[in-house]
1. If you go through the stretch 25-46, how many residues are more than 13 Å from Ala99 (Cβ to Cβ) and either open to solvent by less than 30 Å² (accessible area, probe 1.4 Å) or part of a loop (DSSP other than H, G, I, E, B) (or both)?
2. Only one of these is in a strand (DSSP E or B) and either touching a Lys or Arg at 6+ places or on another chain (Cβ under 9 Å) or of a type outside the set (Ser, Thr, Tyr) (or both): Val62, Val77. Name it.
3. Look at Val22 and say whether it is open to solvent by less than 50 Å² (accessible area, probe 1.4 Å) and more than 16 Å from the chain's Cα centre (by Cα).
4. Working only within the stretch 71-97, note down all residues that are in contact with a helix residue (DSSP H, G or I) (Cβ under 8 Å, 6 or more places away or on another chain), under 14 Å from Lys17 (Cα atoms) and open to solvent by 30 Å² or more (accessible area, probe 1.4 Å).
5. Check whether at least one residue in the stretch 89-97 is touching a residue at least 60 places away in the same chain (Cβ under 8 Å) and of a type in the set (Phe, Trp, Tyr), and report yes or no.
6. What single numbered condition from (1) under 17 Å from Thr111 (Cα atoms); (2) of a type in the set (Val, Ile, Thr); (3) in a loop (DSSP other than H, G, I, E, B) fails to hold for Val3?
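The values are calculated or read from the model by the stated rules, or taken from the named source; none is laboratory data. Computed from a predicted structure; not experimentally measured. Note: ideal-geometry Cβ built from the backbone for every residue, glycine included; neighbour counts use all protein chains shown. Heads up: the accessible areas ignore ligands, DNA and RNA and are worked out on the full protein's heavy atoms, side chains in. Shrake-Rupley method; radii C 1.70, N 1.55, O 1.52, S 1.80 Å.
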Amino acid sequence: QLVESGGTLVQPGGSLKLSCTVSGINFSTRAMAWYRRSAGNPQRDLLATISREGTPDYVPAVTGRFIISRDVSKNMVYLQMDNLKPEDTGLYFCNTPSARFQPGAVWGQGTQVTVSA
């Protein structure tokens, strides 16, 4: 089970931290990722991944602005987002990096982030 939280309305240039509670999988042995689904786009776009060892990786659009982290003791994944832009608006999800290739993958409800003045 994946439960995302922390999304809200924020002004451009603002910051926000998203959280994801992970259960039902062996969290400590899995890489995790954050995704975003923008309005009018049925796909979830990969934004950031973090390996089971804690090594992060980002797509160019969020590099330098977003930071992904994990707390194995709490089964939590986080996404710190700074210098938010209107194009960051969307529904944010966490899951494993491979979930986007798995038609039967289970997803959470996501958390809505709206960046607007």
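1. 8
2. On the way: Val62 fails: in a strand (DSSP E or B).
When all the criteria are applied, what remains is Val77.
3. Working: open to solvent by less than 50 Å² (accessible area, probe 1.4 Å): yes; more than 16 Å from the chain's Cα centre (by Cα): no.
Considered against the rule, which asks whether it is open to solvent by less than 50 Å² (accessible area, probe 1.4 Å) and more than 16 Å from the chain's Cα centre (by Cα), Val22 comes out as no.
4. Step one: filter the stretch 71-97 for residues in contact with a helix residue (DSSP H, G or I) (Cβ under 8 Å, 6 or more places away or on another chain), giving 72, 75, 81.
Next, only the ones that are under 14 Å from Lys17 (Cα atoms) stay: 81.
Scanning the stretch 71-97 gives no hits.
5. yes
6. Going through (1) under 17 Å from Thr111 (Cα atoms); (2) of a type in the set (Val, Ile, Thr); (3) in a loop (DSSP other than H, G, I, E, B) one by one, Val3 breaks only (3).
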